[in-house]
Structure formats: C-alpha cells, structure tokens
Amino acid sequence: MRIAILGSTGSIGRQSLEVARAHPDKVKVIGLAARTNAALLEDQIAEFHPAAACLSNQPGWSSSVEGVETFHGAPGLVELATLHAVDLVVAATSGSEGFQPLIAAIRAGKKIALANKEALVMAGQLVVREAKAAGCLLRPVDSEHSAIWQCLQGERRQNVEGVTLTASGGPFRTWAAGELAEATPSQALKHPVWSMGSKITIDSATLMNKGLEVIEAHWLFDLPFSRIRVAIHPQSVIHSLVHFADGSLKAQLGTPDMRLPISYALSWPDRWHTEQPAVDLLQIQPLTFFEPDFERFPLLRLAMTAGELGHTYPTVLCAADEVAVSAFLRGEISWTRMHAVIEQTLDQHTQIVDPSLEEILAADAEARNVAQSLCRRYSRQAVL
Ligand code: MG
C-alpha cells in the first residue's frame with residue numbers, strides 16, 4: 001500500500017507512521033504533509049524518504065533532504081493527495097483545512113482512511129455523494145466507527161437496527177455542574193484514557209466529540225439519527241456496538257490505542273500482526289455503561305440537534321466549535337462560554353438547503369466570524 005498522510009506531524013499522523021514503520025514490507029510512504037511543525041516533518045522525511053512533502057502554512061518552505069519534491073500551501077495539499085503513485089490517503093488534518101484535499105483525493109480515485117471527522121460533519125452529504133460517484137469506500141479511522149465497520153463485516157445492511165457509540169466520558173465525567181464552570185484548559189487536556197491532539201481532547205471533555213461522531217456515523221453508515229445511541233463507558237474497552245434485527249449485539253473490543261483502527265484502515269479486509277498486547281478479559285476492570293448526562297454536557301445535545309437539522313447546521317456547528325475551543329485553550333473564554341458561543345452562532349445562522357461546496361465554505365467562514373465576535377464579547381465580559 002503506497003500512502004500519503006495529510007497531517008503527518010499530528011497525533012494520528014505520527015501513529016500512522018508507527019504502523020508504516022512496523023510494516024515496511026506492506027506500507028510505502030509516498031507523501032507527507034504537515035501544517036507548521038517543520039522540524040518533525042524533516043525528521044519524518046529523513047526516515048521515510050517520501051517522494052513529496054508539503055508544509056502547508058509556510059509557502060517558502062522546502063525540505064533539506066535531497067530528492068523530495070516540495071508542494072506549497074493549501075494547493076500543495078491537494079497536489080500531494082492526488083499524486084499518481086499514491087494508493088491511499090490518510091486524511092488526518094484536524095479541523096476544516098483537510099476538506100478540499102479530501103474531496104480531491106476521492107475524485108482522483110484514491111482509497112481513503114478518514115481520520116478527519118470534521119470533513120464529514122461540515123459536508124457529509126457532499127463527501128458521501130462524491131465517494132459514491134467515485135466508488136470510494138471511506139475507511140473510518142475514528143475508533144468508534146472502525147468498531148462499527150468491523151462489526152458490519154459479513155452482515156447484511158437490512159438487518160442492522162442501529163448502533164451504540166461508546167464514550168469514555170472524558171476527564172469531567174464525575175464533576176458537578178458548578179465545578180465544571182471553573183474547569184481550566186490544563187484540567188480539560190488530561191484525558192483519562194486516550195492520548196490525542198488538543199482540539200479533540202477538549203471536544204472529548206465537553207462530549208462535543210461524541211456529538212460530532214454521531215453525525216459522522218449518520219453519514220458513514222447511512223443511519224437515521226434515531227438509530228444512533230450514545231453510552232458512556234469509562235473503561236473504553238468496547239469501542240462501539242451494532243444492534244441487529246434478531247436482537248443480537250456485536251461489539252468490538254480492543255486496547256485504547258489508535259494504531260489499531262489506523263492499521264485496520266490500511267490492511268482491510270486483511271488484518272496485520274501487532275506487537276501490542278490484546279485486551280485480557282481476566283485482567284480488565286468490570287465494564288460499566290451509563291446514559292450521557294445532557295445537563296452537564298449540553299454540547300452533546302446541541303451537536304445531535306444540529307446533525308438532525310442537517311444542511312449547513314453541522315457546518316456551522318463545526319466551525320463555531322473550532323473557534324470556541326481555540327478561545328478556551330488560549331484562556332480567553334470560560335468552559336461554559338464554549339456552549340454559549342456555539343449555540344448562539346447556530347441561532348444566528350440561516351440554513352442553506354442542500355449546499356454546494358462553495359456554500360459550505362461560505363457558511364463555514366461566516367460562522368467563524370460570528371463565533372469570533374462572540375468570543376471577543378465574552379472575553380471582555382470576563383475581564384469586566
Ligand atoms: Mg472517536
């Protein structure tokens with residue numbers, strides 16, 4: 001498998017390279033793209049010798065390693081994702097930056113390992129339509145969706161009743177509402193189970209991530225929202241479940257290690273050997289499950305509502321969330337203000353039915369402006 005990784009210096013990108021390192025006979029790295037981390041990108045280039053590389057936010061950058069073709073800026077990501085020699089693109093840029101290269105890769109007939117859930121949330125209908133037209137199976141990298149995909153192997157679509165997405169519940173699972181209001185970025189960044197990038201770690205703490213994953217599941221598995229449930233499962237051993245017509249439930253279990261779903265997305269329908277230990281049923285803690293608390297974690301409900309409203313609402317949700325999370329991480333707005341910013345950005349939006357790519361990008365840009373001005377207002381209030 002000859003691969004290009006969009007977002008190679010991020011958490012998923014680095015772990016994708018670990019999978020590639022473990023299987024040099026099966027994976028050849030053709031392209032690497034990062035946003036800002038030039039030093040790590042150079043290290044990766046020196047180790048994996050890709051044919052091409054791109055540092056998207058530095059137009060003047062070129063690799064010091066000889067023989068590597070350099071692509072520049074956002075158009076460079078598209079060039080890298082559509083290189084003739086690439087079979088599969090690992091779409092792992094966080095946020096909405098990876099959207100256009102993803103569409104370009106689908107249109108170019110590449111296999112896609114999809115780790116960028118924002119692309120499906122902001123433009124699910126469009127991505128799915130493009131994938132269908134190109135005969136492209138979107139291989140999920142998100143652990144929950146990988147679990148569902150694994151449970152669906154060999155099953156008939158008409159026998160699927162629904163799915164349950166599990167959620168660890170994040171670092172604030174047991175916090176009272178009053179304590180949550182005072183939550184700081186450093187507390188929110190301490191995820192109890194998964195080691196991930198900062199945006200998704202905050203989203204996991206608010207449960208927004210699970211809301212985004214519900215929308216992602218809706219598009220990936222063509223399921224109505226009424227058939228997608230969420231269960232809090234603090235041990236994160238069961239990664240998700242599928243419910244079948246005969247009352248059977250199938251679950252996928254594994255250690256909470258993103259290299260597993262990454263590896264499956266690359267190896268499917270095969271499975272590659274791994275040195276990592278499997279789940280030992282006799283050693284693990286009892287597995288527990290709870291209803292999510294929508295009162296303490298209102299962003300989960302807000303995300304699910306935006307998903308059901310559809311059209312440009314999920315686009316706006318995604319954009320406002322990115323802005324709000326950045327403002328929270330910079331210490332500009334409080335924990336509870338993230339919900340206010342996202343909810344009010346959604347309130348101010350006038351939906352565009354069945355949006356085109358241009359309309360989606362316009363809705364995204366407008367939502368960012370609205371959310372940014374809301375963040376400024378709330379940060380001033382905090383100072384006063
Ligand atoms: Mg996930």
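The values are calculated or read from the model by the stated rules, or taken from the named source; none is laboratory data. These figures come from a predicted structure and were not determined experimentally. Neighbour counts are summed over all protein chains in view; Cβ atoms, including those assigned to glycine, are modelled from backbone coordinates with ideal geometry.
Things worth noting here:
- Restricting the stretch 65-93 to residues that are more than 21 Å from the chain's Cα centre (by Cα) and among the aliphatic types (A, V, I, L, M) leaves a set whose member that is surrounded by the most Cβ atoms within 10 Å (Cβ to Cβ) is Val86.
- Scanning the stretch 109-148 for residues that are within 15 Å of the ligand (Cβ to nearest atom), touching a residue at least 60 places away in the same chain (Cβ under 8 Å) and part of a helix (DSSP H, G or I) returns Lys117, Glu118, Leu120, Val121, Ser143, Glu144, His145, Ser146, Ala147, Ile148.
- Contact map, the stretch 258-287: first residue over 19 Å from Arg2 (Cα atoms), second residue of a type in the set (D, E, K, R) and in a loop (DSSP other than H, G, I, E, B), Cβ cut-off under 8 Å, separation 6 or more or different chains; pairs are Gln276/Asp257.
- Test: Tyr313 is more than 21 Å from Trp194 (Cα to Cα), under 23 Å from the mean Cα position of the chain (by Cα) and modelled with pLDDT of 95 or more: yes
- From the list Ser56, Ser96, the lone residue that is buried (at least 23 other Cβ atoms within 10 Å of the Cβ) and at pLDDT below 95 is Ser56.
- Screening Glu291 against (1) closer than 24 Å to Leu120 by Cα; (2) surrounded by fewer than 22 Cβ atoms within 10 Å (Cβ to Cβ) leaves a single unmet condition, (1).
- Matching residues in the stretch 335-363 - criterion: being among the hydroxyl-bearing types (Ser, Thr, Tyr) and within 16 Å of Glu308 (Cα to Cα): Thr350
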